[in-house]
Protein chains: 2
Amino acid sequence: MKKPYKKPEPGDKVEISINGKNEIGILLESHDRGVLLLKLDNGYNVGFKKEDISEIKVVEQGSALQENIESGFDGKTEGKMSGKKPIIDFIITGGTISSKLDPKTGGVKDLTDSKEFFKMYPEIFEKTDVRIKNPFMKWSENMDSKDWIRIAKLVEKSLNDPHVKGVIISHGTDFLHYTASALSFMLGKLNKPVVLTYSQRSSDRGSSDARLNLLCSANMALSDVAEVMLVGHATSNDDYCYALQGNKCRKMHTSRRDTFRAINCKPIAKVWGDGKIEFLRNGFNKRNKEKVKADAVFDDRIGLIKFYPGQDPGILDYYRKKGYRGVIIEMSGLGHVITGGSNNWISKLKEVIGKRLFVYSVAQTIYGRLDAFVYEAGRKIQDTGVVYLDDMLSETALVKLGWVLGHKEWRGNVATSKKMKENIANEFNKRLGSEFLE
Amino acid sequence: MKKPYKKPEPGDKVEISINGKNEIGILLESHDRGVLLLKLDNGYNVGFKKEDISEIKVVEQGSALQENIESGFDGKTEGKMSGKKPIIDFIITGGTISSKLDPKTGGVKDLTDSKEFFKMYPEIFEKTDVRIKNPFMKWSENMDSKDWIRIAKLVEKSLNDPHVKGVIISHGTDFLHYTASALSFMLGKLNKPVVLTYSQRSSDRGSSDARLNLLCSANMALSDVAEVMLVGHATSNDDYCYALQGNKCRKMHTSRRDTFRAINCKPIAKVWGDGKIEFLRNGFNKRNKEKVKADAVFDDRIGLIKFYPGQDPGILDYYRKKGYRGVIIEMSGLGHVITGGSNNWISKLKEVIGKRLFVYSVAQTIYGRLDAFVYEAGRKIQDTGVVYLDDMLSETALVKLGWVLGHKEWRGNVATSKKMKENIANEFNKRLGSEFLE
């Protein structure tokens, strides 16, 4: 201790007496006046009611943490590293995982400084040397194809660096599955793991899921799975994570920590914070020595339409007249839109497809596979030129369409639809039965 | 037996010898040449390989079934009934449950004759006298608000008939949850059960789910639950059904028999084919003697937009310029669209709302509840005039908006949004925690 007494400040290691017990931890900023927030040694952030605290003393001024972090990296680029642990490149892009409570609004704002980020999550340094890359700080709803391309090019560089063992990308939750899909197409066949992760609750909340997600992400980044994966809580407990296939998963709950669910395939693995990995399926690409060449192109002239009963097919004209090149339509479970009565879509589909708008069908049920051959309606719709994308997720289909259309060499009706139906990054699961797979 | 021998024809009761065992059943049309399809006494339709059948004889020419049905009702209106069993009004509207294989295409086509429908499903006569109403035969993707109004008026009539114990509506699966939502708003506080049901597999397939769904629907229609319910398989086995709240459920799988899932609330009950009902929650309306007055109005000038990253907010202009009065936007889990960088939605939202397009926000995660107060983005979006619809399903929100706007007396910004936020038919679950409820 540098001083015998001072008023404890965020960053100090403190010891409190509460209801006859002592607790030691790093004091965090708390925006609830009645609550004192500590990061305990076990990594959890725990809030204590101030009224229950009989004593508080500073054990260590400033934070030992701070020094550890500063020796680990120098902020934006490479830093001093142990040289003994495997190197992970860590790309911070924004989102709740890199945010904290804003005392002005009671809401949450960006943690714009990457050092701050690592002050929150020191555990990842235990096993690895981490190099930070911070191309931008954005909420995922504000990201677009230019950001996906930027990330893809950063990842390509890391994957081709022989010193790097794997890549982690921290990202906003809401549209993370779009970015994961984009990377799965843009990066092609990988040589090392690429792990996307998130948190649903910001780091200064006791229930934050960031710690386990980051530890499990590091474990997967060191593994032999050379795939684009999304790693996050598998259950509502803080016990283990799933490594999900990036282009076959979806955010399914506004706030739950296990919000991401595998859709139409099994997770690749269960993974624990201590490093244990239990594989749930085969058929993934293994770590190898090949060079990765990013194919990071995109055409933004694409749209997504969720069909609803009574819908005017004129919506297709909006996209065509604006010069869009293709749309994904979330049709019914088997791939139907209105084929009789008023607002019949058949002639409008024929018309816009004739005018070179590509139209693809996916299922708005989310789970399962389209089947155009069960009902007459499906055959009528297929006859207009709509192409059915089987069990592909709508979000994945949209991203794939932008990526396919970004290739000049694949232009033309036949080439585009051939690519859309080709199983490029396991976006189709040919073995899918009628199960809800998780 | 009327004749000692004849070639068995569909409708005949036959006995077959297969692998040393005998089976008796009604011969059904089979469109697989190698398979003989029988409706067994237990109600299941089972296919037998013709090559395994050593003998087939006609036990009863034509079908006993046929006569039973013909004494049960006269097709389009009321028929002769036992007079002893409770009366259920049965509204047939189309869908897979009233379809059969089309031998020409190998697909499925409408069973347009309601007698045919009951020939397929005789079990429902065991407990009840059934009166058929058949306003139209449509696949659910071809139904619109006019059809919902027509059904609501038919149901109103049945509910106010003192002889009727409950109502069943058979319906296509794909957009059944839209119709269920519409009825929950249009019918208001009920006096008797209103049950919607479906099948995922047509009646002439061995795995058809129609029989159990119909039996369980009849049980719920005789129960004391005076709510709009959707009854169908609870699991992928043929064991029991759920009675789901009509406006808080969704089709979640293209082909599974238990495709409908309760969203953001528990199912009302488990129900078995033998009549057993196990309630899973309270808080539903009970059978009573009040008159029901249908409030069957709708304004079709409504739209549904599923937001995606990079989306041009110009889509809002499409709806406004076409004279639409309101749109539901499936935003991110917490209710965000683009609020920074290119394609920022904020000014466009302000503009269209200023020009009197109502804009409501729901979550594209499906599960969970919006929370505009966590992030600055949510507050910015709320400031434009977007109204957040908490845990309401996007499909339910769309139908509710059309119904609210159908009321001249509720016009105006304040009145419309007040109604949209009012919990009219339990479309909001105020007690929802972070659980995935089923």
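The values are calculated or read from the model by the stated rules, or taken from the named source; none is laboratory data. Since we're looking at a predicted model, the values are computed, not measured. Cβ: placed from backbone, ideal geometry, glycine included. Neighbour counts: every protein chain shown.
When region A:360-396 is examined, which residues are found to be assigned to a loop (DSSP other than H, G, I, E, B) and not aliphatic (A, V, I, L, M)? Answer for region A:360-396, where residues must be assigned to a loop (DSSP other than H, G, I, E, B) and not aliphatic (A, V, I, L, M): A:Q364, A:T365, A:G368, A:R369, A:D371, A:F373, A:T384, A:G385, A:D390, A:D391.
Are any of the residues in region A:150-160 surrounded by fewer than 19 Cβ atoms within 10 Å (Cβ to Cβ), within 14 Å of chain B (Cβ to nearest Cβ) and in a helix (DSSP H, G or I)? There is at least one residue in region A:150-160 that is surrounded by fewer than 19 Cβ atoms within 10 Å (Cβ to Cβ), within 14 Å of chain B (Cβ to nearest Cβ) and in a helix (DSSP H, G or I). Quick one: is A:G326 assigned by TED's automatic domain parsing to the domain that holds A:G406, crowded, with 20+ Cβ neighbours inside 10 Å and not aromatic (F, W, Y)? It is true that A:G326 is assigned by TED's automatic domain parsing to the domain that holds A:G406, crowded, with 20+ Cβ neighbours inside 10 Å and not aromatic (F, W, Y).
Yes/no per residue for (1) assigned by TED's automatic domain parsing to the domain that holds A:I263; (2) assigned to a loop (DSSP other than H, G, I, E, B); (3) modelled with pLDDT under 95; (4) under 19 Å from A:A269 (Cα atoms):
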{"site": "A:A180", "(1), (2), (3), (4)": "yes, no, no, yes"}
{"site": "A:L183", "(1), (2), (3), (4)": "yes, no, no, no"}
{"site": "A:M186", "(1), (2), (3), (4)": "yes, no, no, no"}
{"site": "A:R201", "(1), (2), (3), (4)": "yes, yes, yes, no"}
{"site": "A:D204", "(1), (2), (3), (4)": "yes, yes, yes, no"}
{"site": "A:S207", "(1), (2), (3), (4)": "yes, yes, yes, no"}
{"site": "A:M220", "(1), (2), (3), (4)": "yes, no, no, yes"}
{"site": "A:L230", "(1), (2), (3), (4)": "yes, no, no, yes"}
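Among the residues of region B:139-178, those identified as among the hydroxyl-bearing types (S, T, Y) and closer than 17 Å to A:G341 by Cα are B:S140, B:S145.
Taken together, the residues in region B:326-351 that are under 21 Å from A:L304 (Cα atoms) and not in a loop (DSSP other than H, G, I, E, B) amount to 9. Could you tell me whether region B:397-419 includes any residue that is within 12 Å of chain A (Cβ to nearest Cβ), part of a loop (DSSP other than H, G, I, E, B) and either in contact with a Ser or Thr (Cβ under 6 Å, 6 or more places away or on another chain) or not basic (K, R) (or both)? Within region B:397-419, none of the residues are within 12 Å of chain A (Cβ to nearest Cβ), part of a loop (DSSP other than H, G, I, E, B) and either in contact with a Ser or Thr (Cβ under 6 Å, 6 or more places away or on another chain) or not basic (K, R) (or both).
Residue pairs whose Cβ atoms lie under 6 Å apart, sitting 6 or more positions apart in sequence or on different chains, and linking a residue in region A:161-188 that is within 14 Å of chain B (Cβ to nearest Cβ) to a partner that is in a helix (DSSP H, G or I) and among the aromatic types (F, W, Y), are A:T179/A:W148; A:A182/A:W148. Listed here are the strands (runs of 3 or more DSSP E) enclosed by region A:96-149 that have at least 3 residues being touching a helix residue (DSSP H, G or I) at 6+ places or on another chain (Cβ under 8 Å) and at pLDDT below 65: A:108-110.
If we scan region B:258-272, do we find a residue that is surrounded by fewer than 19 Cβ atoms within 10 Å (Cβ to Cβ) and over 25 Å from the mean Cα position of the chain (by Cα)? Among the residues of region B:258-272, not one is surrounded by fewer than 19 Cβ atoms within 10 Å (Cβ to Cβ) and over 25 Å from the mean Cα position of the chain (by Cα), which makes the answer no.
Among the conditions (1) over 24 Å from B:V362 (Cβ atoms); (2) in contact (Cβ under 8 Å) with a residue 60 or more places away in the chain; (3) within 11 Å of chain B (Cβ to nearest Cβ), the only one that A:G283 does not satisfy is (3).
If you check A:K306, A:K251, A:K289, which single one turns out to be modelled with pLDDT of 95 or more, within 14 Å of chain B (Cβ to nearest Cβ) and within 30 Å of A:E123 (Cα to Cα)? Only one candidate passes the filter, namely A:K251. If you go through region B:405-430 and keep only what is farther than 11 Å from B:A182 by Cα and hydrophobic (A, V, I, L, M, F, W, C), you end up with B:L405, B:W410, B:V414, B:A415, B:M420, B:I424, B:F428. Screening the candidates A:D274, A:D238, A:D295, A:D312 for the property of being in contact with a Gly (Cβ under 7 Å, 6 or more places away or on another chain) and in a loop (DSSP other than H, G, I, E, B) yields one hit, A:D295.
The set of residues from region A:309-320 being at the interface with another protein chain (Cβ under 8 Å from one of its Cβ atoms) and touching a helix residue (DSSP H, G or I) at 6+ places or on another chain (Cβ under 8 Å) comprises A:P309, A:G310, A:G314, A:I315, A:Y318. Can you confirm whether region B:68-82 contains a residue that is modelled with pLDDT of 65 or more, loosely packed, with under 14 Cβ neighbours inside 10 Å, in the same structural domain as B:D224 (by TED's automatic domain parsing) and not in a strand (DSSP E or B)? Checked region B:68-82: at least one residue is modelled with pLDDT of 65 or more, loosely packed, with under 14 Cβ neighbours inside 10 Å, in the same structural domain as B:D224 (by TED's automatic domain parsing) and not in a strand (DSSP E or B). Answer yes or no as to whether B:L316 is modelled with pLDDT under 95, crowded, with 17+ Cβ neighbours inside 10 Å and of a type in the set (A, V, I, L, M). When the stated conditions are applied, B:L316 does not pass them. Number of residues in region A:331-382 that are touching a strand residue (DSSP E or B) at 6+ places or on another chain (Cβ under 8 Å), touching a residue at least 40 places away in the same chain (Cβ under 8 Å), more than 7 Å from every other protein chain (Cβ to nearest Cβ) and farther than 23 Å from B:S202 by Cβ equals 4. In region B:407-419 there is no residue that is in contact (Cβ under 8 Å) with a residue 40 or more places away in the chain, aliphatic (A, V, I, L, M) and not assigned by TED's automatic domain parsing to the domain that holds B:Q245.
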